[in-house]
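The values are calculated or read from the model by the stated rules, or taken from the named source; none is laboratory data. These figures come from a predicted structure and were not determined experimentally. We place every Cβ from the backbone using ideal geometry, glycine too, and count neighbours over all the protein chains shown.
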């Protein structure tokens, strides 16, 4: 692990959806979002630390995950634990919402990555490439969650924007996935080649 001061946050578009997830869980410890009538995996949110109230805002750890059952065991597909520092005065003040991927787990691939080492709930060391990859992955993942669960981002709620932009992005992502031999973008995201897929999307489509 490298010892540097600033691991990578998730992008602005991902933050907009993350803020919606924070609204969904509110002050609760656990919430399950399932608005697709079983078409897609539900999204499970779990606060896995106490909320520390500081001058910079509320600091806590939040797990965001898809779960499914395999031979009676719950499988994470995936789960990402985030360090959240929420110092917003207004819902759309995303510069004051700091969100860092800390752990990544994908049970069907036997994958667990400790991305950031925390000390007293503050980053001390992290794995640069893996941590940056997880932060970038969240842009596509949260777009999928928004579409699958018919969620409206905090920004869209304020501006009343439609989701047509995401649907156009999805069509382009599906073309890239097909070019890589996958049925669609969702299959690509769940594969061992997800980083390659995301990098192509970022290069050919943009965030």
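Quick check on the stretch 43-53. Is at least one of its residues in contact (Cβ under 8 Å) with a residue 40 or more places away in the chain and buried (at least 16 other Cβ atoms within 10 Å of the Cβ)?
Yes, that holds for at least one residue.
Restricting to the stretch 24-52, name every residue that is outside any loop (DSSP other than H, G, I, E, B) and out of contact with any helix residue (DSSP H, G or I) (no Cβ under 7 Å at 6 or more places or on another chain).
Selection gives 24, 25, 30, 32, 44, 46, 52.
For the stretch 59-74, state whether one or more residues are surrounded by 19 or more Cβ atoms within 10 Å (Cβ to Cβ), over 16 Å from the mean Cα position of the chain (by Cα) and in a strand (DSSP E or B).
Looking for residues that are surrounded by 19 or more Cβ atoms within 10 Å (Cβ to Cβ), over 16 Å from the mean Cα position of the chain (by Cα) and in a strand (DSSP E or B), one finds at least one in the stretch 59-74, hence yes.
Before we move on, is residue 10 part of a loop (DSSP other than H, G, I, E, B), in contact with a strand residue (DSSP E or B) (Cβ under 8 Å, 6 or more places away or on another chain) and modelled with pLDDT under 90?
Judged against the criteria, residue 10 is not a match.
Out of the stretch 94-134, which residues are buried (at least 18 other Cβ atoms within 10 Å of the Cβ) and assigned to a loop (DSSP other than H, G, I, E, B)?
115
For residue 17, state whether it is modelled with pLDDT under 95, buried (at least 19 other Cβ atoms within 10 Å of the Cβ) and in contact with a helix residue (DSSP H, G or I) (Cβ under 6 Å, 6 or more places away or on another chain).
Yes: the conditions hold for residue 17.
Can you report the number of residues in the stretch 170-207 which are in a helix (DSSP H, G or I) and over 18 Å from the mean Cα position of the chain (by Cα)?
Count: 11.
Examine the stretch 147-161 for a residue that is part of a loop (DSSP other than H, G, I, E, B), within 19 Å of the chain's Cα centre (by Cα) and modelled with pLDDT of 95 or more, and state whether such a residue exists.
no
Is it the case, given these coordinates, that residue 91 is farther than 18 Å from residue 46 by Cβ and either at pLDDT 95 or above or assigned to a loop (DSSP other than H, G, I, E, B) (or both)?
yes
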